[in-house]
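The block underneath contains the structure these notes are about, expressed in structure tokens.
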Amino acid sequence: MITALKPLIIILPLVFLVLSAIVIFISHRIAGPLFRLKMFMRKVGEGDLSVKLSFRNYDAIHDVADCFNEMVQNLRKKENEIPKKDISN
């Protein structure tokens, strides 16, 4: 009975390690771009409209980045349309 469990004792930890590595890899692929997007959103929130996001992969995150860049571009246009007040008085 114990000899039948020996392969399982060796295989199960290896399977666990491989699955853990896959989960970590996938989570970094998802969380990394979202973290960058969050940082750029903070910059725009602080008034820096010179930011531009770019991602190499064409996926849902890339689509969100395109929308973000379009929003920042529109904010720049609106900011330029607002007449500047003369504060020298």
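Results, tabulated for the structure shown:
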{"read-out": "Computed helical MRE - 222 nm, the chain, DSSP H runs ≥ 4 contributing -39500 (n - 2.57), nearest 500", "value": "-27000 deg cm²/dmol"}
{"read-out": "Order of 49, 75, 5 under a 10 Å beta carbon neighbour criterion, fewest first", "value": "5, 75, 49"}
{"read-out": "Candidate lysines for bridging to residue 38, where Cα separation is under 20 Å - those fewer than 8 sequence places away on the same chain excluded", "value": "52"}
{"read-out": "Local electrostatic count, residue 49, Cβ distance below 12 Å [Lys/Arg +1, Asp/Glu -1]", "value": "+2"}
{"read-out": "Under 15 Å, Cβ to Cβ, from residue 36 - net charge with Lys/Arg +1 and Asp/Glu -1", "value": "+2"}
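We did not get these values from a lab; they are worked out from the coordinates using the rules stated. Everything numeric in this text was worked out from a predicted model, so none of it was measured. Ideal geometry is used to build each Cβ from the backbone, glycine not excepted, and the neighbour counts take in all protein chains shown.
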